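Participant: Following this message is one structure expressed as structure tokens.
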Amino acid sequence: MDEKIGFIGLGIMGTGMAHNLLQAGFDLTVWNRTAARMEPLVQAGARAANSPADLAALCDVIVVCVSDTPDVEEVLFGPQGASEGLQKGALVIDCSTISPIQTQAFARKLAEKGAHMLDAPVSGGSEGAARGTLAIMVGGQAEQFERARPVLEAMGQAITHVGGHGAGQMVKLVNQILVANSMLALGEAFLFAQAGGLDLEKTLRAVEGGAAGSWTLSNRGPQLIERDWRPGFAIDLQQKDLRLILEAADELGVPVLGSSTAFHLYRVLQTRGLGGEGNHALVKALEYLAGVEVEAKAEGGG
Ligand code: NAP
């Protein structure tokens, strides 16, 4: 593809994604608020822009991967934001996880400037970003999705056009409802097993091959039993996504009881300074309530 690509937001996810665009042979310009984070990309062959507006003036397709809704708004529409430099017909691909409703407003504002937008949030963690194996759920016009396909294929594997503007973000929130409720079920199940005096490893082996088996159970269950709280996905980021779910559900008038419970349990952990731990640490909030802790049986026990 001949189009020139820009990348805004070189955090944990964006750095790997931008490297994969370079490796796929794209002409790449990058911008990051903290300038030092651009260095490795420049070393690898990218051009550094002075601002999002400067980047937009040089690029046909602009990928954004920043933290939250106000951050996307700032890099697109703030002072020196990308919208100040946009070329006519440019395409903005937003890979951040943000509000679906605000996404629709951003798409309208960009359309007023003669530009297009796709929401393209990702799933697969820093490993998926580095390896180019992300799942990408895309909302926006079908012809812009086809235009973006080579860019998305350089960063991900399972790439699905799911509907119009905001639909990608909605599907990402569906993904996060499933993840958060799985974590709640995981914690509740193993706390119950602990209180019942069961061998947790044998319990895990006994149930994971049946109807209750899941990615969460097989990947985070062993970590939980070992009390290994290192994050695949941190509580603070999980909490941002739960907040987006609660806001969208409120707008839609849909009850989200499980996600709401998970939100409040994670809030307990954040107030105790545990926001940097993995989202499977949700069990700790249940432990505080129950006065029981999950723990693997000592070797030879059970
Ligand atoms: P991160 O490592 O914290 O990086 C955030 C990036 O956003 C940094 O480049 C940061 O710039 C930039 N940024 C934040 N606020 C900004 C603002 N107001 N103006 C300009 N730049 C701003 O986060 P991440 O893990 O890469 O996540 C990025 C997005 O992907 C989030 O929406 C997240 O939910 C989503 N996501 C993450 C994962 C994961 O496992 N990590 C998985 C799927 C989706 P500075 O360098 O200057 O701070």
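The values are calculated or read from the model by the stated rules, or taken from the named source; none is laboratory data. All values reported here derive from a predicted model rather than from experimental measurement. Every residue, glycine among them, receives a Cβ derived from its backbone with ideal geometry; neighbour counts consider all protein chains shown.
Participant: What pairs come out if I take residues in the range 237-252 that are over 12 Å from Met170 (Cβ atoms) and in a helix (DSSP H, G or I) and pair them with residues that are charged (D, E, K, R) and more than 9 Å from the ligand (Cβ to nearest atom) whose C-beta lies under 9 Å away, six or more apart or interchain?
Facilitator: Gln239/Arg267
Participant: Among the numbered criteria (1) in a helix (DSSP H, G or I); (2) in contact with an Asp or Glu (Cβ under 7 Å, 6 or more places away or on another chain); (3) modelled with pLDDT of 95 or more, which one does Lys172 miss?
Facilitator: Answer for Lys172: the failing condition is (2).
Participant: Which residue out of Gly25, Gly16, Gly85 is within 12 Å of the ligand (Cβ to nearest atom) and either modelled with pLDDT of 95 or more or of a type outside the set (Asp, Glu) (or both)?
Facilitator: Details: Gly25 fails: within 12 Å of the ligand (Cβ to nearest atom); Gly85 fails: within 12 Å of the ligand (Cβ to nearest atom).
Within the list Gly25, Gly16, Gly85, the selection yields Gly16.
Participant: For the range 283-301, state whether one or more residues are closer than 19 Å to Asn175 by Cβ and in contact (Cβ under 8 Å) with a residue 12 or more places away in the chain. Before you say what the answer is, go through the steps one by one.
Facilitator: Pass one, the range 283-301, residues closer than 19 Å to Asn175 by Cβ: none.
For the range 283-301, residues closer than 19 Å to Asn175 by Cβ and in contact (Cβ under 8 Å) with a residue 12 or more places away in the chain: absent.
Participant: Give all pairs with beta carbons closer than 7 Å in which a residue from the range 71-98 that is free of Cβ contacts under 8 Å to residues at least 12 places away in the same chain meets a residue that is assigned to a loop (DSSP other than H, G, I, E, B) and within 10 Å of the ligand (Cβ to nearest atom); count only pairs at least 6 apart in sequence or on separate chains.
Facilitator: Glu74/Gly81
Participant: Among Met155, Met137, which is the only one that is surrounded by 15 or more Cβ atoms within 10 Å (Cβ to Cβ) and in contact with a Lys or Arg (Cβ under 8 Å, 6 or more places away or on another chain)? Spell out the reasoning first.
Facilitator: Working: Met155 fails: in contact with a Lys or Arg (Cβ under 8 Å, 6 or more places away or on another chain).
Sole residue among the options that is surrounded by 15 or more Cβ atoms within 10 Å (Cβ to Cβ) and in contact with a Lys or Arg (Cβ under 8 Å, 6 or more places away or on another chain): Met137.
Participant: Then there's this: Using the structure shown, decide if Ala195 is more than 16 Å from the ligand (Cβ to nearest atom), touching a residue at least 24 places away in the same chain (Cβ under 8 Å) and either in contact with a strand residue (DSSP E or B) (Cβ under 9 Å, 6 or more places away or on another chain) or in the same structural domain as Ile12 (by TED's automatic domain parsing) (or both). Please lay out each step first, then the result.
Facilitator: Values: more than 16 Å from the ligand (Cβ to nearest atom): yes; touching a residue at least 24 places away in the same chain (Cβ under 8 Å): yes; either in contact with a strand residue (DSSP E or B) (Cβ under 9 Å, 6 or more places away or on another chain) or in the same structural domain as Ile12 (by TED's automatic domain parsing) (or both): no.
The answer is no for Ala195.
Participant: Additional query: Here are some conditions: (1) of a type outside the set (Ser, Thr, Tyr); (2) free of Cβ contacts under 8 Å to residues at least 60 places away in the same chain; (3) outside the structural domain of Gly11 (by TED's automatic domain parsing). Val179 meets all but one. Which one does it not meet?
Facilitator: Condition not satisfied by Val179: (2).
Participant: Name the residue, out of Val61, Val66, that is in contact with a Gly (Cβ under 9 Å, 6 or more places away or on another chain), closer than 24 Å to Ala234 by Cα and among the β-branched types (Val, Ile, Thr).
Facilitator: Just a single option satisfies the conditions, and that option is Val66.
Participant: I would also like to ask the following. Quickly run through the range 72-82 and pick out the residues that are within 11 Å of the ligand (Cβ to nearest atom) and touching a Ser or Thr at 6+ places or on another chain (Cβ under 7 Å).
Facilitator: Val72, Leu76, Gln80
Participant: Please state which of the following conditions Gly232 fails to meet, knowing it meets all the rest: (1) in contact (Cβ under 8 Å) with a residue 40 or more places away in the chain; (2) within 19 Å of Glu277 (Cα to Cα); (3) part of a helix (DSSP H, G or I).
Facilitator: Looking at each condition in turn, Gly232 falls short on (3).
Participant: Has the range 33-42 got at least one residue that is more than 8 Å from the ligand (Cβ to nearest atom) and in contact with a Cys (Cβ under 8 Å, 6 or more places away or on another chain)? Break it down stepwise before answering.
Facilitator: Going through the range 33-42, the residues more than 8 Å from the ligand (Cβ to nearest atom) turn out to be 35-36, 38-42.
When the remaining residues are screened for being in contact with a Cys (Cβ under 8 Å, 6 or more places away or on another chain), the result is none.
No: the range 33-42 contains no residue that is more than 8 Å from the ligand (Cβ to nearest atom) and in contact with a Cys (Cβ under 8 Å, 6 or more places away or on another chain).
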